[in-house]
Amino acid sequence: MEFIPNVVSICLTATGVIVMIGGLVWAWRKKKPIWSVATAMFFVICGYLALMFSIA
């Protein structure tokens, strides 16, 4: 196995990080835990897919 970052994995990683930061800001301002849980799950899904797309 080899870790080779490509455009798809980099975009998924960036999307996951942006969504996680947005979710933290949203939860901090609005105090609704459902959005922080949803964004955390989306972050995990994006991270997993980014890892799977970058392994060759």
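The values are calculated or read from the model by the stated rules, or taken from the named source; none is laboratory data. Because the structure is predicted, anything quoted here is derived from the model rather than measured. Cβ: placed from backbone, ideal geometry, glycine included. Neighbour counts: every protein chain shown.
Things worth noting here:
- Pair list, Cβ under 7 Å, 6 or more apart: region 15-29 residue without any contact (Cβ under 8 Å) to a residue 40 or more places away in the chain, other residue part of a helix (DSSP H, G or I) and of a type in the set (Val, Ile, Thr): Val19/Thr39; Met20/Thr39; Gly22/Thr39; Gly23/Thr39
- Residue tally, condition more than 9 Å from the chain's Cα centre (by Cα) and surrounded by 11 or more Cβ atoms within 10 Å (Cβ to Cβ), over region 14-29: 7
- If you filter the chain down to residues that are in a helix (DSSP H, G or I) and among the charged types (D, E, K, R), you find that the one that is modelled with the highest pLDDT is Arg29.
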